[in-house]
1. Limited to segment 153-174, what total is found for residues that are open to solvent by 40 Å² or more (accessible area, probe 1.4 Å) and more than 16 Å from residue 251 (Cβ to Cβ)?
2. Looking only at segment 177-194, decide whether some residue is assigned to a loop (DSSP other than H, G, I, E, B), closer than 17 Å to residue 62 by Cα, out of contact with any His (no Cβ under 8 Å at 6 or more places or on another chain) and touching a residue at least 40 places away in the same chain (Cβ under 8 Å).
3. Kindly check whether there is at least one residue in segment 50-61 that is exposed (fewer than 15 other Cβ atoms within 10 Å of the Cβ) and modelled with pLDDT of 95 or more.
4. Within segment 187-204, is even one residue surrounded by fewer than 17 Cβ atoms within 10 Å (Cβ to Cβ) and of a type in the set (Val, Ile, Thr)?
5. Using the structure shown, decide if residue 87 is out of contact with any His (no Cβ under 9 Å at 6 or more places or on another chain), hydrophobic (A, V, I, L, M, F, W, C), at pLDDT 95 or above and in a helix (DSSP H, G or I).
6. Of the residues that make up segment 74-81, is at least one part of a helix (DSSP H, G or I) and over 14 Å from the mean Cα position of the chain (by Cα)?
7. Surrounded by 18 or more Cβ atoms within 10 Å (Cβ to Cβ), at pLDDT 95 or above and not in a loop (DSSP other than H, G, I, E, B): which single residue out of 217, 208 fits that description?
8. Do you know which of the residues in segment 119-152 that are within 18 Å of residue 54 (Cα to Cα) and part of a loop (DSSP other than H, G, I, E, B) is least open to solvent (accessible area, probe 1.4 Å)?
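The values are calculated or read from the model by the stated rules, or taken from the named source; none is laboratory data. Keep in mind that what you see is a predicted model, and the values were worked out from it rather than measured. Positions of Cβ are generated from backbone atoms using ideal geometry, with glycine treated the same way; all protein chains shown enter the neighbour counts. Ligands, DNA and RNA are excluded from the accessible area calculation, which covers all protein heavy atoms including side chains. Shrake-Rupley method; radii C 1.70, N 1.55, O 1.52, S 1.80 Å.
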Amino acid sequence: MEKISNNVYVQIGTRSCNHSFVATSEGPVMIDTPMVYDDVQKWKAEMAKFGMVKYIINGEPHADHVSGNFFFEAPIVAHEGTRKLILESKPEQYAETLKQFDPTGTTPAGYYYRPPVITFSERLTLYVGSHTFQLLHTPGHTPFQVSVYVPEEKVLFTSDNVTFGVPPFLHQAVPFDWIASLQQLKKLDVAKIVPGHGKVCDRDHLDIMIGILQGAIDVVKSAIKKGMTLEEAQKNLNLFESFPRNERTAMIQNIGMTRLYELFKNA
């Protein structure tokens, strides 16, 4: 666990997404949740030092961010679209996702995807003790992304709208909205950004993310203009020039290229 400001703690490198909490005077407010049971227990023990968890905020609907909701009792806050998708999820999906992160893990008895009980469409502010949590709808990685800005700490939590050291995942992306969301986030007074995956970074990384996304858009639009099929583009082009091509990045690239071809092929 890493302390990145006076009251913000982040866990990086566990077997799911980055997850964090802000230690307020009324108890921790958690952003995203660990999904592997052993990681959950360690995280609970750390947060218990600061009191009972006050709220959980889900930054997006993907399983590596929301599966751990089940293990906590605090009320969950998220975008209304995230609630809808969580309600549609089945316990079997948790078992499948868990295999990726913990092949020996088992689904707890009675497991279900615990949904948010507080939702919003565009923005919501929570006041917890002396801390302010500004929840902003910032579509990008999915249409339902939420960024959480805590001005007292100058910390921004982005879930997978920002990644550091790994390519972005585009399988449900709305790419132009994504770039616009990052441009809006640049207006905030931010010292530290907690990405969905990878190390904590500073606000300069927003421009890097914009460049990565715009580069991917340009690669696919150029390929389509040249008449290349999706299969030809996947075989011959690099969607993310700044990342070395290996088995994992190739998988992420192929999925991302499929999504962008779906969006741009007949546009």
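1. 3
2. Restricting attention to segment 177-194, the residues satisfying the condition of being assigned to a loop (DSSP other than H, G, I, E, B) are 186-191.
Now drop any that are not closer than 17 Å to residue 62 by Cα, which leaves none.
The answer is no, given that none of the residues of segment 177-194 is assigned to a loop (DSSP other than H, G, I, E, B), closer than 17 Å to residue 62 by Cα, out of contact with any His (no Cβ under 8 Å at 6 or more places or on another chain) and touching a residue at least 40 places away in the same chain (Cβ under 8 Å).
3. yes
4. no
5. On the way: out of contact with any His (no Cβ under 9 Å at 6 or more places or on another chain): yes; hydrophobic (A, V, I, L, M, F, W, C): yes; at pLDDT 95 or above: yes; in a helix (DSSP H, G or I): yes.
It is true that residue 87 is out of contact with any His (no Cβ under 9 Å at 6 or more places or on another chain), hydrophobic (A, V, I, L, M, F, W, C), at pLDDT 95 or above and in a helix (DSSP H, G or I).
6. Step one: filter segment 74-81 for residues part of a helix (DSSP H, G or I), giving 80-81.
Next, from what is left, pick out any that are over 14 Å from the mean Cα position of the chain (by Cα): 80-81.
Within segment 74-81, one or more residues are part of a helix (DSSP H, G or I) and over 14 Å from the mean Cα position of the chain (by Cα).
7. On the way: 208 fails: surrounded by 18 or more Cβ atoms within 10 Å (Cβ to Cβ).
On inspection, the qualifying residue turns out to be 217.
8. 129
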